[in-house]
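This report concerns only the one structure given below.
Values quoted throughout were computed directly from the atomic coordinates according to the rules given, and no laboratory measurement underlies them. Here the structure is a predicted model, which is why all the values come from computation and not from measurement. Cβ placement follows ideal geometry from the backbone for every residue including glycine, while neighbour counts extend to all protein chains displayed.
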Amino acid sequence: MATNVVLIVVDALRYDRVGVSSVRTPTLDHFARKNTTFTDAIANSNTTDICVTTIQTGQYPIEHGVLHHGTDVTERERQFGHGAPSLAERLKSEGYQTIAVEPVLKRWHRDGFDRFVDGVDNDDVKKTGMSGLIPDWAISMGGSILDYFPTYVQNNIREAVLNVVTDTTDGKGVTKSALELLDDVDEDPFFCFLHYWDVHTPYNPPENYVEAVKERNDYDETPLQDVFEEYGLEGTITGEGLRKRKLHGRRPETIGEIQAHYDAAVEYVDDCIGDLFEGLEQRGLDDDTLLVVTADHGESMTEKGVFFDHHGLHDPVVHVPLLFGGTDIPNSTVSATVQHVDVAPTICELIGIQELPGVGESLVPLMRGNTTEPPRNGVAFAEERHTRSARMIRQNSLKLINTLEGDGSCRYCQRKHEPSKALYDLDSDPSEKANLLNGDEYCSQVRALLEQFEEFEMGLIEPTPDDSISEYDEAELENRLEHLGYR
């Protein structure tokens with residue numbers, strides 16, 4: 001039985017970018033072949049604060065109480081975040097040394113960690129623009145101060161600040177910081193949480209990775225301007241983000257340029273994780289460590305008219321990789337539907353400690369072949385609150401996406417990506433284009449899915465607030481999140 005735990009989250013990593021010929025991920029491919037792969041793992045939301053909280057607690061968003069992301073998180077939700085018992089807190093109470101490298105998230109995500117690195121430095125990454133010259137105070141500079149400067153100065157400062165953020169989220173730096181932390185642990189077991197952000201916008205891996213994927217693949221040559229005109233993106237949050245986007249200092253002209261940078265970022269992160277695995281082996285830690293790899297959510301390239309973002313609850317956004325590895329982990333591929341809520345209880349059972357409170361269930365019986373029955377009869381759920389208010393309920397191939405408030409319009413794109421209530425059959429329609437609710441034929445299936453959620457909801461625990469929350473540097477958080485595409 002492994003005693004140490006390394007939990008890796010790769011932000012915005014699509015399920016279909018691992019183990020395919022067009023994108024080379026040799027580290028994760030080799031890891032998957034030797035260990036347990038869940039091929040139908042579902043994220044319980046589509047934004048990072050919510051998803052990481054779910055992964056760390058084993059609680060559905062309604063249970064832990066964090067339903068928004070970034071600066072949209074309310075004070076009450078921050079209290080709920082601090083009040084939700086986390087994996088780090090449980091392991092610390094069991095005598096574990098708890099360490100994390102999390103370049104962006106702070107707030108309640110720090111809870112339970114002895115050491116929490118929230119910015120990394122990678123000497124191998126070439127800083128661009130003025131980033132090496134900008135002092136720390138500039139990173140947290142609020143917009144009101146910038147207003148006193150001429151426009152060209154404002155633009156230069158903002159660009160430099162964004163470059164600093166890129167430098168401090170680089171994957172090589174995450175690995176480097178993690179190994180430095182591990183060099184300081186003693187003989188007690190450790191829990192290490194790592195969050196790689198390179199696959200999240202703005203997709204700026206080293207240029208040699210971009211050139212490599214371009215040589216191997218043909219990418220969409222549709223001009224970005226055509227997309228703006230077809231989807232009415234001018235003046236929208238999505239449009240503003242695409243207009244401002246720079247890839248290695250250049251504004252992309254085609255859809256394919258951005259797609260290539262995403263794929264290159266995936267390959268880059270795979271190498272970063274490979275360096276981590278090699279470092280664990282060199283330190284003699286690989287035989288006694290449980291390794292878990294997942295994504296907080298996926299990413300839409302162009303699907304459903306969502307461009308290089310992760311709003312919506314369609315499969316490119318909620319279907320994520322989930323891999324478990326270690327000495328005692330069986331070599332198996334599990335097709336049963338599982339969810340992020342199941343990660344924490346699975347870790348707890350694998351290392352022999354009491355599970356956390358929450359709706360999540362251990363996946364160990366599935367991993368070991370003791371059962372083929374998925375948790376919750378294979379029904380999966382997900383919540384969205386960032387660009388609209390909606391819920392996904394899925395059982396087998398039937399998937400219902402139901403708007404909870406308003407008409408379902410996306411506040412980023414100022415349009416509806418799908419009807420207010422939509423039912424899809426993923427077997428016959430994996431792209432989720434044909435809404436089956438155009439007639440009355442599927443009314444009974446919709447009722448059955450809604451009843452599944454009602455039954456599921458009855459078993460959820462109430463979120464518990466912690467009123468003794470700390471003050472945060474919201475300006476710094478806002479700058480970092482803006483760089484990552486959040487508005």
Fewest-first sequence of F456, F80, F31 by Cβ atoms within 10 Å of each Cβ: F456, F31, F80
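Output the relative contact order of region 215-308, whole-number percent, from Cα pairs under 8 angstrom with separation of 6+ residues.
Numbers: 50 pairs, mean separation 23.3, N = 94.
Taking the mean separation of contacting Cα pairs over the length of region 215-308, I get 25 percent.
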Set of lysines near K92 by C-alpha distance (under 21 Å), chain-local residues within fewer than 8 positions excluded: K106
Within straight-line cross-link reach of K433, lysines at Cα separation under 22 Å, skipping those fewer than 8 residues along the same chain: K304, K399, K416, K421
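So, with +1 on the Cβ of K and R and -1 on the Cβ of D and E, and no other charges, what is the size of the charge dipole of the chain about its Cα centre, to the nearest 20 debye? Can you show the working numbers first?
Values: 43 positive and 88 negative charges, 171 e Å.
So the magnitude is around 820 debye.
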Beta bridges per DSSP with both ends in the chain, % antiparallel, nearest 5: 55 percent
Listed residue (H319, G305, A295) projecting farthest to the positive dipole end of region 278-320, Cβ model: G305
Dipole magnitude (debye, nearest 20) for region 266-383, charges at Cβ of Lys, Arg, Asp, Glu: 480 debye
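Based solely on its DSSP helices, what 222 nm [θ] is calculated for the chain when runs of n ≥ 4 H residues each add -39,500 (n - 2.57) and the sum is averaged over all residues, nearest 500 deg cm²/dmol?
Working: 18 runs with 174 residues, N = 487.
The per-residue figure over the chain is -10500 deg cm²/dmol.
Note the full-extension length gain between E180 and D287 as 0.36 nm times their separation in residues minus their Cα-Cα distance, in nm to one decimal.
Values: separation 107, 0.36 × 107 = 38.52 nm, distance 1.91 nm.
Result: 36.6 nm gained on full extension.
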Estimated dipole of region 208-271 in Debye, rounded to 20 [Cβ of Lys and Arg +1, of Asp and Glu -1, Cα centre]: 400 debye
Residue order, fewest to most beta carbons within 10 Å, for M367, M301, M392: M301, M367, M392
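What FRET efficiency would be calculated for the residue pair E455, R110, taking the C-beta separation as r and a Förster radius of 22 Å, to the nearest 0.05? Don't jump to the answer; show the numbers that get you there.
Numbers: r = 35 Å, r/R0 = 1.59.
Approximately 0.05, to the nearest 0.05.
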Proximal lysines to K214, defined as alpha-carbon separation beneath 23 angstrom and excluding residues fewer than eight positions away on the same chain: K126, K172, K244, K246
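Rank these for me by crowding, T57, T169, T464, going from fewest to most other beta carbons within 10 Å.
Numbers: T57 29, T169 25, T464 15.
Ranked by crowding around the Cβ, least crowded first: T464, T169, T57.
Once you have the Kirkwood Rh of region 1-82 from its Cα pairs, apply Stokes-Einstein at 10 °C and 1.306 mPa s and quote D in µm²/s. Intermediate results must be reported in sequence, preceding the final value.
Working: Rh = 15.0 Å.
Using the Kirkwood radius from Cα pairs, D works out to 106 µm²/s.
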Sequence ranges 255-267, 231-243, ranked by mean other-Cβ count within 10 angstrom, highest first: 255-267, 231-243
Peptides ranked, highest mean first, by Cβ atoms within 10 Å: ranges 10-20, 427-437, 351-361: 10-20, 351-361, 427-437
Lys/Arg +1, Asp/Glu -1 at C-beta; the chain dipole; positive extreme among C443, I62, H30: C443
Size-normalised alpha-carbon gyration radius of the chain, reference 2.2 N^0.38 Å: 0.94
Cα-projected label distance for Q414 with K244, points at 7 Å along beta-carbon direction, nm: 1.6 nm
